[in-house]
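A short worksheet on the structure shown next.
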Amino acid sequence: MPDYLIKTVGNKKWIWFKNTNNYLQIEEEVYHVFEQLQQMNSVNEVINWCSEQYGLSQVKARNTVLQIEALFSEQLKEKIIVENEELNAEVTLSFYSAKYYRFHNAVFHFFYGTAELETMFHPLFAHLETNTNISEAHNIKLFIKEDAYFLNIDGNPTQSWLQNEDHLFKGQVFMEILNQAYSKKEEDWMGILHASAIGKDKNSVLFLGDSGNGKSTASAIALASGLALVADDFVPIDSGGRVLAFPAAISVKKQALSFLSKQFPELLKAKEYELKEMNKTVRYLAPKISPNSASHKVKGLVFIQYSADIDFDFEVMDKHLAFQHLVVDSWLSPKEENARFFMDWMADLPAYRLRYSNNEKMIEKINELLSDDK
């Protein structure tokens, strides 16, 4: 059985590789060369076939085949698993602070080893803080040692990440919160998307785009307009393709403060945080998420961008371009069943590009997408 899955979408192939959990999007011609490499006995045979099939010189055919062979060999080779360094769970550590947070029916007791770690997580969950000392709380210990991040959960083996892998460290902490809050395992999630999810009734749309495009600001505007925030920045999608709520606060950048503080005056009193690694200053807006909010069906992907010189521009986005953006910016499940479902889900999901400066028109369009019964 091949160590990859293939889905045809329009004139391209989407391929998922089991060994690396990577996705590639390739043209039909490249796929045909890949097929020949799988079927023929030697690379030279494929070079001759490519030369005849596409009318290429032997030199061009050789260069083409070798490049494609190198690309796919990298994805098909067995992945080397490097175990995270483990610390003895019995090591006595001193902690900078400790906080209790409640989400759904789960309580988490966070132990922060440094002020840096507290700043990384506490502003996102401060609105969930509880002063109740609960013995059944999940103990999450976070600390820094020898230029690495360490995570220990309920006394299990300690995991570690290099300091330039802070996004992986943070993502794993969030995953632990999700799993405990929803009584799930990592394999029960299709993926975690770097997006914002806006909901209405049982529907949602996802805001995506590069950092600085205004996903969080658009989410706050939607929240002020009566729509629900399901999740911001870290959007969990279960193995059935539905969004579940994640309670992290919305980060509001300095340039959006003047406008958003009119809708959310509490922002003016909120503490300001300087995120040096991201070169930005933010305040945090607590989301109004129902603790028992249902899962939401995704009605579409909206690649959103605030642009001061564009009143409103909305168009259908090329599916393949949307796929490329999504797989680069997301954690996607390495489970084969989930990978197959993701490609089907993505192929069926409409994608749009929205550029705007007119907030009313933006909200009107999002409401229209959310109200679509299809």
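The values are calculated or read from the model by the stated rules, or taken from the named source; none is laboratory data. Owing to the predicted nature of the structure, the values given are computational and were not obtained by experimental measurement. Glycine gets a Cβ as well: all are built from the backbone with ideal geometry, and neighbour counts include every protein chain shown.
Is it the case, given these coordinates, that Ser219 is small (Gly, Ala, Ser) and outside any loop (DSSP other than H, G, I, E, B)?
On the way: small (Gly, Ala, Ser): yes; outside any loop (DSSP other than H, G, I, E, B): yes.
It is true that Ser219 is small (Gly, Ala, Ser) and outside any loop (DSSP other than H, G, I, E, B).
Looking only at the stretch 128-174, filter to residues that are touching a residue at least 60 places away in the same chain (Cβ under 8 Å) and part of a helix (DSSP H, G or I); which one of those is nearest to Pro287 (Cα to Cα)?
Looking at the filtered set, the residue picked out is Leu128.
Which of the helices (runs of 4 or more DSSP H) found entirely inside the stretch 283-374 contain at least 2 residues meeting this: more than 20 Å from Gly226 (Cα to Cα) and either small (Gly, Ala, Ser) or in contact (Cβ under 8 Å) with a residue 40 or more places away in the chain (or both)?
So the answer is 319-328, 336-348.
Considering every residue within the stretch 266-276, establish whether at least one is surrounded by fewer than 16 Cβ atoms within 10 Å (Cβ to Cβ), in a loop (DSSP other than H, G, I, E, B) and among the basic types (Lys, Arg).
Yes, because at least one residue in the stretch 266-276 is surrounded by fewer than 16 Cβ atoms within 10 Å (Cβ to Cβ), in a loop (DSSP other than H, G, I, E, B) and among the basic types (Lys, Arg).
Here are Ala115, Ala137, Ala148, Ala98: which of them is buried (at least 18 other Cβ atoms within 10 Å of the Cβ) and either among the β-branched types (Val, Ile, Thr) or modelled with pLDDT of 90 or more (or both)?
On the way: Ala115 fails: buried (at least 18 other Cβ atoms within 10 Å of the Cβ); Ala148 fails: buried (at least 18 other Cβ atoms within 10 Å of the Cβ); Ala98 fails: buried (at least 18 other Cβ atoms within 10 Å of the Cβ).
Matching residue, one of Ala115, Ala137, Ala148, Ala98: Ala137.
State which residue is surrounded by the fewest Cβ atoms within 10 Å (Cβ to Cβ) when the search covers only the stretch 205-216 and only residues that are under 13 Å from the mean Cα position of the chain (by Cα) and assigned to a strand (DSSP E or B).
So the residue we want is Leu208.
Can you confirm whether the stretch 330-343 contains a residue that is closer than 30 Å to Glu129 by Cβ and either over 22 Å from the mean Cα position of the chain (by Cα) or surrounded by 14 or more Cβ atoms within 10 Å (Cβ to Cβ) (or both)?
Within the stretch 330-343 (the criterion being closer than 30 Å to Glu129 by Cβ and either over 22 Å from the mean Cα position of the chain (by Cα) or surrounded by 14 or more Cβ atoms within 10 Å (Cβ to Cβ) (or both)), the answer is yes, since at least one residue qualifies.
I need the full set of residues from the stretch 3-59 which are polar (S, T, N, Q), surrounded by 13 or more Cβ atoms within 10 Å (Cβ to Cβ) and free of Cβ contacts under 8 Å to residues at least 12 places away in the same chain, in order please.
Across the stretch 3-59, the qualifying residue is only Ser51.
So which residues in the stretch 176-204 are surrounded by 18 or more Cβ atoms within 10 Å (Cβ to Cβ) and either under 12 Å from the mean Cα position of the chain (by Cα) or of a type in the set (Ser, Thr, Tyr) (or both)?
Tyr182, Trp189, Met190, Gly191, Ile192, Leu193, His194, Ala195, Ser196, Ala197, Ser204
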